[in-house]
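Heads up, the thing below is written out as structure tokens.
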Amino acid sequence: METSLFDLTGKKALITGSSQGIGFGIARGLSQAGATIISNGRNEEKLNRALLEDQKFDAMVRLRTPVGRWGEPSDLAGAAIFLASRASDYITGQIIYVEGGLLSAL
């Protein structure tokens, strides 16, 4: 039986270098303590592979995301086209989340 030394439920953590080594270990540990992990790495393929190979983390993302899948770079196209168009001329200082509904499910 695993027990956590602390509870990070409701907290967010940005982990750099999270595709391998100590960064990946820290990301996994904080996730197990309940934190929402924002992972960052230089090698997209390696980062995605590391996260997808963690079956518990992969299942958590798929279950918590209303669209039921991981995001893909092409998912950003609609927001990018909107922001590059005249339709967004009066929009300033806003954050547009392209995250498949994950934030609303947390």
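The values are calculated or read from the model by the stated rules, or taken from the named source; none is laboratory data. Being a predicted model, the structure only gives us computed values, none of them experimental. For neighbour counting, all protein chains shown are included, and Cβ atoms are generated from backbone atoms with ideal geometry for every residue, glycine included.
Quick check on region 40-54. Is at least one of its residues in the same structural domain as Phe6 (by TED's automatic domain parsing), on the phi < 0 side of the Ramachandran plot, in contact with a strand residue (DSSP E or B) (Cβ under 7 Å, 6 or more places away or on another chain) and not hydrophobic (A, V, I, L, M, F, W, C)?
So far as region 40-54 goes, yes, one or more of its residues are in the same structural domain as Phe6 (by TED's automatic domain parsing), on the phi < 0 side of the Ramachandran plot, in contact with a strand residue (DSSP E or B) (Cβ under 7 Å, 6 or more places away or on another chain) and not hydrophobic (A, V, I, L, M, F, W, C).
Report every pair of residues separated by at least 6 positions or lying on different chains whose Cβ atoms are under 9 Å apart, first residue within region 3-15 and modelled with pLDDT under 80, second surrounded by 10 or more Cβ atoms within 10 Å (Cβ to Cβ) and assigned to a loop (DSSP other than H, G, I, E, B).
Hits for this filter: Ser4/Ala33; Ser4/Gly34; Leu5/Ala33.
Against the condition surrounded by fewer than 11 Cβ atoms within 10 Å (Cβ to Cβ), touching a Leu at 6+ places or on another chain (Cβ under 8 Å) and not assigned by TED's automatic domain parsing to the domain that holds Leu51, how does Ile95 come out, does it pass?
Spelling it out, it is not the case that Ile95 is surrounded by fewer than 11 Cβ atoms within 10 Å (Cβ to Cβ), touching a Leu at 6+ places or on another chain (Cβ under 8 Å) and not assigned by TED's automatic domain parsing to the domain that holds Leu51.
Among the residues of region 91-99, is there at least one that is closer than 25 Å to Ile37 by Cβ and touching a residue at least 24 places away in the same chain (Cβ under 8 Å)?
Yes, region 91-99 contains at least one residue that is closer than 25 Å to Ile37 by Cβ and touching a residue at least 24 places away in the same chain (Cβ under 8 Å).
Quick check on region 44-90: of everything there that is among the β-branched types (Val, Ile, Thr) and in contact with a helix residue (DSSP H, G or I) (Cβ under 8 Å, 6 or more places away or on another chain), which residue is modelled with the lowest pLDDT?
The residue in question is Val61.
Looking at this structure, is Ala77 surrounded by 11 or more Cβ atoms within 10 Å (Cβ to Cβ), over 14 Å from the mean Cα position of the chain (by Cα) and of a type in the set (A, V, I, L, M)?
The answer is yes for Ala77.
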